[in-house]
Amino acid sequence: MNVIVIGSGLGGLSAACLLASKGHNVTVLEKNSKPGGKINEVKAQGYRFDTGPSLLTMPFVLESLFDQCGTAMDNHLTIEAINPICRYFFENGTRFDCYRDTCVNIAQIQAFAPDDVQAYREFMNYSRELYQKTKEAFLFNPLYGLSDVSSLKLTDFFRVDALKTVAERIDRQFKSPELQKFFKRFTTYNGSSPYLAPATLNVIPHVELSMGGYYIKGGMYRLVEALVDVAGHLGVAFSMNIDVKRITVKDRRATGVVDEADHFYPADLVVSNADACETYLNLMESSSVSSLKKRTLTRMEPSCSGFVLMLGIDKTYPQLSHHTIFFSGNYRREFSQIFERQMMPDDPTIYVANTSHSDPGHAPGGGSNLFVLVNAPYLTENSRWDKRSSDYKHALIKKLEQRGLDGLRNHVRYAKAITPADFQQKYRSYRGSIYGTSSNSRFSAFLRPRNKSRSVEGLYLVGGSTHPGGGIPLVVLSAFHATELISRYREV
């Protein structure tokens, strides 16, 4: 079959490789000049930056992807465990270096939160149990047809702590404000608020802390390059700078796509790696999407976006590890500003990825390449990033100086910002969101757009805006699910 894949983000690349390995003729159409989508890189003045995900979890999912494509991941990538996984600074001066080794973590907790040592052990056991209950029922399951739910343990499915919020569960568990903040932050991995999202998302600490955090040597963009190489060997064709304008539909079946130059690309199957809302609301002919579907999608709350600042500096700061987080003083206020008031937080939690800590060649002359990220609201009519970007950049540098990066502004040799408006323009992210829809309601995490359209035959969806969610392993799983559904519902 002839397959058109819209977009060469991780979901699109994974789907292209999997489908080509099954003998399909696959063509990937990419809007930008480089593949990768949000997993991309910037090289300037001797500095190298990843522009998207900076931490790899569940590497066995990637291993399975490469295996399915007839090669071994180790032939293409060098995966390294990161220790500490992340360094955390709290506003009161407390520092917590979080390791995969539980004993090392408990030794530190004994020093700053001795009354919560047993609570930490119990919570990590609870997180592990959530993973066991959700992995087959949710993560590794396309959840599309009756056959997908008939074999599930329904007792597990309904015991995933979805009736409380992340914050309610954590605040009940811990006395320490430091540990309360620490465990609430994992909700941001899918762009949601811990004060609104279901406690089911407390599964994420197990995935990172117990299963480990990893780094791809050379930078995360090496993954994109590896998949492009695998795809090439499997016969996948790539066309860059092709902006798809419309998915064509005839008799409720996808027949191909049309680009901005009105060139038609016929296809038996279309796999969209564009944002799911973008796919249905802007790439489909209006008559092909029901009014109910449109209303449902427009009412879905987007995930948060992000403000990124890439700083090439001419020095190193010993307090910065590979991953470092500086917590805000008032976490609830921060998330209220982002999700309820749709404004940039005045005291943000700041994440800094410093790959030069592990790859010194990513910064010249012993300097550092700092990828600085703060959570930002999705775009609204009042968003004015063309006017605000410079002001917020300076405010963020000042905040980092206040948190111990003394004289930072005087050591900046390269600076580039990425705003929510950039995410929307470059990647067609719905309202600038990074992770598609938020999980800020009890069951929204389970109701993400599915990997096969129910209204248009031959249309499949992959990527972080679809089931099962955002982040490298889940995006790859979306491609596995789409490929499984293609095999199930087509004559292949």
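One table, with the values for the structure above:
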{"item": "Quarter of the Cα convex hull surface for the chain, i.e. its orientation-mean projected area (nm²)", "result": "22.1 nm²"}
{"item": "Cα-Cα over 31 Å, subset of Lys135/Lys426; Lys22/Lys245; Lys175/Lys393", "result": "Lys135/Lys426; Lys175/Lys393"}
{"item": "Those lysines that a straight Cα-Cα span of less than 20 Å connects to Lys181, excepting residues fewer than 8 apart in one chain", "result": "Lys164, Lys399"}
{"item": "Alpha carbon convex hull of region 49-136, projected area averaged over orientations, nm²", "result": "8.6 nm²"}
{"item": "Two-decimal Rg to Rh for region 214-353 - Kirkwood Rh, Cα set", "result": "1.08"}
{"item": "For region 66-121 and region 334-358, distance of Cα centres in Å", "result": "20 Å"}
{"item": "Magnitude of the charge dipole, region 19-72, Cβ model with Lys/Arg +1 and Asp/Glu -1, debye to 20", "result": "240 debye"}
{"item": "Dipole magnitude (debye, nearest 20) for region 304-427, charges at Cβ of Lys, Arg, Asp, Glu", "result": "160 debye"}
{"item": "Phe140-Thr298 pseudo-label distance in nm [points 7 Å out on the Cα-to-Cβ vector]", "result": "4.1 nm"}
{"item": "Values of log10 I(q)/I(0), in the order q = 0.11, 0.22 Å⁻¹, for region 304-427 under a Debye, Cα-only, solvent-free model", "result": "-0.38, -1.31"}
{"item": "Distance (nanometres) between label positions extended 7 Å along Cα→Cβ at Glu457 and Glu168", "result": "4.5 nm"}
{"item": "Proximal aspartates and glutamates relative to Lys250, as straight alpha-carbon distance under 14 Å, when same-chain residues fewer than 8 apart are discounted", "result": "Asp268, Glu285, Glu457"}
{"item": "Options Thr279, Met240, Leu223, ranked by Cα towards positive dipole end of region 216-294, top entry (Cβ charges)", "result": "Thr279"}
{"item": "Distance-filtered residues of region 432-455 - backbone nitrogen under 19 Å, label point 7 angstrom along Thr380 Cα→Cβ", "result": "432-441"}
{"item": "Region 1-146, dipole about Cα centre (Lys/Arg Cβ +1, Asp/Glu Cβ -1), debye to the nearest 20", "result": "460 debye"}
{"item": "Farthest toward positive dipole pole in region 304-427 [+1 Lys/Arg, -1 Asp/Glu at C-beta], among Val308, Ile397, Pro364", "result": "Ile397"}
{"item": "Residue-averaged [θ]222 nm for the chain, counting only DSSP H segments that reach four residues, each worth -39500 (n - 2.57)", "result": "-9000 deg cm²/dmol"}
{"item": "Dipole of the chain, positive end: most advanced residue of Pro468, Ala167, Leu201 [Cβ charges, Cα centre]", "result": "Ala167"}
{"item": "Cα-based helix-to-principal-axis angle, 385-402 vs the chain, degrees rounded to 10", "result": "30 degrees"}
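Only the coordinates and a few stated rules stand behind these numbers; no lab work does. None of the values given here were measured: they were computed from a predicted structure. Glycine gets a Cβ as well: all are built from the backbone with ideal geometry, and neighbour counts include every protein chain shown.
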